[in-house]
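Okay, structure first, notes after.
The values are calculated or read from the model by the stated rules, or taken from the named source; none is laboratory data. Predicted, not measured: the structure shown is a model, and the values here were computed from it. Note: ideal-geometry Cβ built from the backbone for every residue, glycine included; neighbour counts use all protein chains shown.
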Amino acid sequence: MLRIGQGWDRHRLIPGRPLVLGAVTVPSPVGPEAHSDGDVLLHALADAVWGAAGGGDLGDHFPPGDPRWKEADSALFLKAAVADARRAGFEVVNADATIVLEHPRLAAHKEEMRRRVALLLGVTPDRVSVKAKTAEGLDAAGAGQCVEAQAVVLLRRIA
Ligand code: MG
């Protein structure tokens, strides 16, 4: 049996914060305002995994503002989502994600993100797609005020 889930996340960008995307720190003068490390790609992926497994959302599992998750490495969240899915009897088939960010360009970092996301999902990198787009100067993302990510994850029941 197959199950599909989607996730979306957006964080405001502010000066002096590290820009972490897909567990990769990308050189940037701005980074996400967030309680955790604000990795929108991993947050969207975690929500997609929980969504596919019928397991709630990131805020249910890791309430924002909880001091335990201050500056947390978001890899922890995605690992927790994948572990929950496994307990529910599912493994990841593939994941497809898009990051929307005006600056900096992410082309040089996409492969490393793909490798790291694959490790966290427990699949080979050929089952993970990380795409990057700008917002063509439109809306908050286009003005460089935020970074966004969308993700779709397919799970299958473990035989
Ligand atoms: Mg988030």
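Might you let me know whether the stretch 52-68 holds any residue that is under 16 Å from the mean Cα position of the chain (by Cα), within 22 Å of Gln6 (Cα to Cα), outside any loop (DSSP other than H, G, I, E, B) and aromatic (Phe, Trp, Tyr)? No - not one qualifying residue is present in the stretch 52-68.
Selection of the stretch 140-149 for residues being surrounded by 20 or more Cβ atoms within 10 Å (Cβ to Cβ) and not aliphatic (A, V, I, L, M) yields Cys146, Glu148. Anything in the stretch 125-135 that is touching a helix residue (DSSP H, G or I) at 6+ places or on another chain (Cβ under 6 Å) and either surrounded by fewer than 16 Cβ atoms within 10 Å (Cβ to Cβ) or within 20 Å of Leu76 (Cα to Cα) (or both)? List them, or say none. Result: Pro125, Val128, Val130.
Taking first residues from the stretch 146-159 that are within 13 Å of Leu42 (Cα to Cα) and partners that are β-branched (Val, Ile, Thr) and crowded, with 19+ Cβ neighbours inside 10 Å, the Cβ contacts under 6 Å between residues at least 6 apart in sequence or on separate chains come to Val147/Val40; Glu148/Val100; Ala149/Val40; Ala149/Ile99; Val153/Val49.
Residue pairs whose Cβ atoms lie under 7 Å apart, separated by 6 or more positions or on different chains, with the first residue in the stretch 41-54 and at positive phi and the second modelled with pLDDT under 95 and of a type in the set (D, E, K, R), do not occur. Is it true that Val92 is of a type in the set (A, V, I, L, M, F, W, C), farther than 26 Å from Asp139 by Cα and assigned to a helix (DSSP H, G or I)? No, not satisfied. Pairing residues of the stretch 21-36 that are in contact (Cβ under 8 Å) with a residue 12 or more places away in the chain with residues that are among the small types (Gly, Ala, Ser) and surrounded by 22 or more Cβ atoms within 10 Å (Cβ to Cβ), at Cβ distances under 9 Å and at least 6 apart in sequence or on separate chains, gives Leu21/Ala149; Gly22/Ala97; Gly22/Ala149; Ala23/Ser74; Gly31/Gly38; Pro32/Gly38; Ala34/Ser74; Ser36/Ser74. Which of the residues spanning the stretch 69-86 are of a type in the set (A, V, I, L, M, F, W, C), outside any loop (DSSP other than H, G, I, E, B) and within 14 Å of the chain's Cα centre (by Cα)? Those that are of a type in the set (A, V, I, L, M, F, W, C), outside any loop (DSSP other than H, G, I, E, B) and within 14 Å of the chain's Cα centre (by Cα): Ala75, Leu76, Phe77, Leu78, Ala80, Ala81, Val82.
Suppose we keep only residues that are assigned to a loop (DSSP other than H, G, I, E, B) and farther than 12 Å from Asp73 by Cβ within the stretch 20-30. Which one would you say is nearest to the ligand (Cβ to nearest atom)? Even if it seems obvious, please write down each step before you answer.
The first filter runs over the stretch 20-30 and keeps only residues assigned to a loop (DSSP other than H, G, I, E, B), leaving 22-23, 27-29.
Filter once more, keeping what is farther than 12 Å from Asp73 by Cβ: 22, 27-29.
Working: Gly22: 13, Pro27: 21, Ser28: 17, Pro29: 20 Å.
Looking at residues that are assigned to a loop (DSSP other than H, G, I, E, B) and farther than 12 Å from Asp73 by Cβ, I get Gly22.
The C-beta contact set for the stretch 88-102 (first residue without any contact (Cβ under 8 Å) to a residue 40 or more places away in the chain, second residue surrounded by 20 or more Cβ atoms within 10 Å (Cβ to Cβ) and assigned to a strand (DSSP E or B), distance under 9 angstrom, 6+ apart or interchain) comprises Ala88/Leu155. For the stretch 31-64, taking the residues that are in contact with a Lys or Arg (Cβ under 7 Å, 6 or more places away or on another chain) and more than 9 Å from the ligand (Cβ to nearest atom), the one that is farthest from Phe77 (Cα to Cα) is identified as Gly31. The residues in the stretch 63-78 that are surrounded by fewer than 24 Cβ atoms within 10 Å (Cβ to Cβ) and under 20 Å from Ser129 (Cβ atoms) can be counted, and the count is 1.
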